[in-house]
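Structure first, then comments.
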Amino acid sequence: MKHIDIKNVITSQEYVGKTVTVCGWVRTSRNSKSVAFIELNDGTSLKNIQVVVEKGDSDFKEPRVGMAVKVEGTVVAGRNNTVEINITPDALTVLGDAPTDYPLQKKGHTLEFLRTIPHLRGRTNTFNAVWRVRSVLAAAIHRYFQEHNYVYVNTPLITGSDCEGAGEMFQVTTNGFTTEYKTEEEYYANDFFGKRAGLSVSGQLEGEMAATAMGKIYTFGPSFRAENSNTPKHLAEFWHIEPEVAFMELDDVIELAEDMLKYVIGDLLKKCPDEVAFFDAHFEKGLKARLEELISHEFGRVTYTEAIELLKKSGENFVYPVEWGCDLQTEHERYLSEKVFKKAVFVTDYPKEIKSFYMKQNPDGKTVAAVDLLVPGVGEIIGGSEREADYDKLIAAMQERGMSMEPYADYLDLRKYGTVPHGGFGLGFERLIMYTTGMANIRDVILFPRTVGSIR
Ligand code: 4AD
Ligand code: MG
């Protein structure tokens, strides 16, 4: 169907005086004696275009909210540098009717209600803005890595090895319920892959294999976590950006994370001023200033051990008590980034017991070269580390955890053949969107959220 994007018509004066065809969904419709006003949106922009129908003495029937229509008319200059389209009644074609039970008749629905209509919520301003921010940030992330010599790789989604060892893998099986098998081994041996398989929680292990060939790689794909945590920041299926780089030590990993985030958020501020202003007005007052501040100042930095001291002397009444060796909970992460540093802060060198087997062991014998990035409002958005490059130390860490070596044979080979210092991190894409939009619930920053106990 020949038509022009509404975004193009409203962002340039070049169409004024010309005849254009636009299509879209009716957001509002007002009728008066001689004219009708229709706000039309085709999704290409947060702003609608106003269509003015010169009714004359025709019996023009105004379209209902939610209808899909096509209009052809003349672009005219409106007030405050805006443009509108003037049409005659017969220049409106209804493409798709929307009866009066269309759920988005009225404005001002709650986010909770909108979650019950995921197939329609993209037609609201809020989700129009969220979905575009996702797209613009995704493109910026690719551009950043591509311009810095990184190779984009696609790591497998089905895997035989658990990267994080946290027992959060969804099982992949074609073997339904049966009492036929006597042992677990027998059951898995008869399954599709001949062994136990699951959905990958992270592409890191394969990412390391690629990085020790291509030098600098990144992945951008889904990861899956069967975490039984019904929180505002956990999804069962989330999008994961994982750069992995040969010859990078922990400090280099931190530098990369900060540089990349500043670049992509800077790009967002440039490309999505309307969306950022929208979130600032409706979801987080001061969002724009916060993002501008973030990209022009250094992130904070603290070791885990120092962070524990800060938390202990905070005088706060945390639900989870703080002691050296404990994992940082969201309340601790938010206290550090919101109250102590008042900005994004890297926490490094965590106790080895609370981190994964692959992290480089520090000389103190107690901590590993890990880094998490904590941000106000969300908590952890990045988890990364330098990797253990020494074969014997890696084996020892796996043995301490009682891990089976067999699924990690290829991974261990990397430490046998031309091993190098290397490292990387994982950025949760939805957590980044929460942070850059001020949306408080992760269910509202992905098109179709998958969370424990909920799928459609
Ligand atoms: O800290 P995580 O578990 O680290 C890893 O997976 C490493 N293998 C990454 C690496 O070094 N290549 O996860 C990384 C990030 C978290 O900081 C968080 O932003 C996000 O992934 N994440 C989740 N996002 C939404 N829902 C979940 N259930 C998430 N689990 C992790
Ligand atoms: Mg983590």
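The values are calculated or read from the model by the stated rules, or taken from the named source; none is laboratory data. Given the structure is predicted, the values throughout are model-derived calculations rather than measurements. When we count neighbours, we look across all protein chains shown, and the Cβ atoms used for this are built from the backbone with ideal geometry, even at glycine.
Some observations on this one:
- Set F220, F170, F192, F224: member being buried (at least 20 other Cβ atoms within 10 Å of the Cβ) and among the hydrophobic types (A, V, I, L, M, F, W, C): F224
- Scanning region 357-372 for residues that are farther than 19 Å from A246 by Cα and either within 15 Å of ligand 1 (Cβ to nearest atom) or assigned to a loop (DSSP other than H, G, I, E, B) (or both) gives P363, D364, G365, K366, D372.
- Taken over region 409-433, the criterion of being under 18 Å from A344 (Cα atoms) and either touching a strand residue (DSSP E or B) at 6+ places or on another chain (Cβ under 8 Å) or aromatic (F, W, Y) (or both) is satisfied by F425, G426, L427, G428, F429, E430, R431, L432.
- Considering region 373-411, the residues that are part of a strand (DSSP E or B) and surrounded by fewer than 23 Cβ atoms within 10 Å (Cβ to Cβ) include one that is farthest from ligand 1 (Cβ to nearest atom), namely E380.
- Out of V201, V264, V245, V253, sole residue that is buried (at least 22 other Cβ atoms within 10 Å of the Cβ), β-branched (V, I, T) and farther than 26 Å from E168 by Cα: V264
- Search result, residues across region 5-25 that are crowded, with 17+ Cβ neighbours inside 10 Å, under 11 Å from V83 (Cα atoms) and either in contact with a helix residue (DSSP H, G or I) (Cβ under 9 Å, 6 or more places away or on another chain) or among the hydroxyl-bearing types (S, T, Y) (or both): V9, Y15
- Close Cβ contacts (under 7 Å, 6 or more residues apart or on different chains) running from residues in region 109-136 that are outside the structural domain of T436 (by TED's automatic domain parsing) to residues that are in a helix (DSSP H, G or I) and among the basic types (K, R) comprise L114/R121; R115/R443.
- Residues in region 180-207 that are touching a strand residue (DSSP E or B) at 6+ places or on another chain (Cβ under 9 Å), part of a helix (DSSP H, G or I) and either within 16 Å of ligand 2 (Cβ to nearest atom) or more than 15 Å from P407 (Cβ to Cβ) (or both): Q204, L205, G207.
- Residue in region 216-239 that is out of contact with any helix residue (DSSP H, G or I) (no Cβ under 7 Å at 6 or more places or on another chain), under 30 Å from N362 (Cβ atoms) and outside any loop (DSSP other than H, G, I, E, B) present: yes
- The number of residues in region 26-46 that are crowded, with 17+ Cβ neighbours inside 10 Å and closer than 20 Å to Y15 by Cα comes to 8.
- For F448, the requirement of being of a type outside the set (G, A, S), within 16 Å of ligand 2 (Cβ to nearest atom) and either on the phi > 0 side of the Ramachandran plot or touching a residue at least 24 places away in the same chain (Cβ under 8 Å) (or both) is not met.
- In region 356-369, the residues that are without any contact (Cβ under 8 Å) to a residue 12 or more places away in the chain reach residues that are within 16 Å of ligand 2 (Cβ to nearest atom) with C-beta atoms within less than 9 angstrom, at least six apart or across chains, in these pairs: D364/D349; G365/K352.
- Residue list for region 376-397, restricted to those being away from ligand 2 (no atom under 13 Å from the Cβ) and either modelled with pLDDT of 95 or more or not assigned by TED's automatic domain parsing to the domain that holds M260 (or both): E386, R387, E388, A389, D390, Y391, D392, K393, L394, I395, A396, A397
- Residues satisfying the stated conditions in region 225-250, i.e. within 16 Å of ligand 2 (Cβ to nearest atom) and within 18 Å of Y150 (Cβ to Cβ): W239, H240, I241, E242, P243, E244
- Qualifying residue in region 339-351 (condition: near ligand 1 (Cβ under 9 Å from one of its atoms), polar (S, T, N, Q) and at negative phi): no
- Residue in region 334-356 that is nearest to R415 (Cα to Cα), counting only those that are surrounded by 18 or more Cβ atoms within 10 Å (Cβ to Cβ) and within 14 Å of ligand 2 (Cβ to nearest atom): S356
- Inspection of region 420-430 finds a residue satisfying the criterion of being aromatic (F, W, Y), under 30 Å from K285 (Cβ atoms) and in contact (Cβ under 8 Å) with a residue 40 or more places away in the chain.
- Search result, residues across region 49-68 that are part of a loop (DSSP other than H, G, I, E, B) and either among the polar types (S, T, N, Q) or loosely packed, with under 15 Cβ neighbours inside 10 Å (or both): G56, D57, S58, D59, K61
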